[in-house]
Amino acid sequence: MRIIQATLEHLDLLTPLFVKYREFYGEHPFPDSSRDFLEKRLRREESVIYLALPDDDDGKLLGFCQLYPSYSSLSLKRVWILNDIYVAEDARRQLVADHLIQKARKMARETQAVRMRVSTSANNEVAQKVYESIGFREDTQFKNYVLPIN
């Protein structure tokens, strides 16, 4: 398995799996809007996206993760938000998520980040176990809230 950083050239490969990720969380597919969203993030360099590809280069995407930069005023350092991670159904149980997160962790170290943050739905026990096995710890210092803006 190879982990590479996505570029605009990868949009057609990435978009279908990104759509499946959105559907997994109950969103409508909107493939055109999804592609436009990813294109803007890459073109504006607003996120970093890693792709997991098979070694045999068969043009298939195993999984992806997308990280957004943030900052910690308390530590005066960069924070990376692991906002999206998804593994194709037929690639699960092959440590794809582990490899993607390890690549993201390496990038976080290289950019002198103080930490990476990740959130998942409260009932996604599989993802929670993966995160904990890699070293993520549940935040007990701060409680997170969401303010919908509609």
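Picking from residues in the range 8-52 that are touching a Leu at 6+ places or on another chain (Cβ under 7 Å) and among the hydroxyl-bearing types (S, T, Y), the one that is surrounded by the most Cβ atoms within 10 Å (Cβ to Cβ) is Y50. Which residue pairs have Cβ atoms closer than 7 Å, lie 6 or more positions apart in sequence or on different chains, and pair a first residue in the range 54-71 that is more than 21 Å from R35 (Cα to Cα) with a second residue that is surrounded by 14 or more Cβ atoms within 10 Å (Cβ to Cβ) and at pLDDT 95 or above? Matching pairs, first to second residue: P54/L62; S70/V79; S70/I81; Y71/R78; Y71/V79. Residues that are under 15 Å from the mean Cα position of the chain (by Cα) and over 20 Å from L62 (Cβ atoms) within the range 21-44 comprise F37, R41, listed in sequence order. In the range 99-142, of all residues being more than 15 Å from the chain's Cα centre (by Cα) and part of a helix (DSSP H, G or I), the one that is modelled with the lowest pLDDT corresponds to V126.
For the range 72-105, the tally of residues that are under 24 Å from K20 (Cα atoms), in contact (Cβ under 8 Å) with a residue 40 or more places away in the chain and among the small types (G, A, S) stands at 2. Could you tell me whether the range 36-49 includes any residue that is modelled with pLDDT under 95 and of a type in the set (D, E)? Within the range 36-49, not a single residue is modelled with pLDDT under 95 and of a type in the set (D, E).
Residues in the range 91-100: is at least one among the basic types (K, R) and either over 17 Å from A6 (Cα atoms) or loosely packed, with under 14 Cβ neighbours inside 10 Å (or both)?
Looking through the range 91-100, at least one residue is among the basic types (K, R) and either over 17 Å from A6 (Cα atoms) or loosely packed, with under 14 Cβ neighbours inside 10 Å (or both).
Okay, residues lined up against (1) out of contact with any Asp or Glu (no Cβ under 9 Å at 6 or more places or on another chain); (2) aromatic (F, W, Y); (3) under 18 Å from L100 (Cα atoms); (4) touching a residue at least 40 places away in the same chain (Cβ under 8 Å):
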| position | (1), (2), (3), (4) |
| --- | --- |
| R2 | no, no, yes, yes |
| L8 | no, no, no, no |
| L14 | yes, no, yes, yes |
| L17 | yes, no, yes, yes |
| K20 | no, no, yes, yes |
| E23 | yes, no, no, no |
| G26 | yes, no, no, no |
| R35 | no, no, no, no |
| K40 | no, no, no, no |
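Test D55 against the stated conditions and say whether it is in a loop (DSSP other than H, G, I, E, B) and surrounded by fewer than 20 Cβ atoms within 10 Å (Cβ to Cβ). In short, yes.
The values are calculated or read from the model by the stated rules, or taken from the named source; none is laboratory data. All of these numbers come straight from a predicted model, not from anything done at the bench. Neighbour counts run over all protein chains shown; Cβ positions are idealised from the backbone, glycine included.
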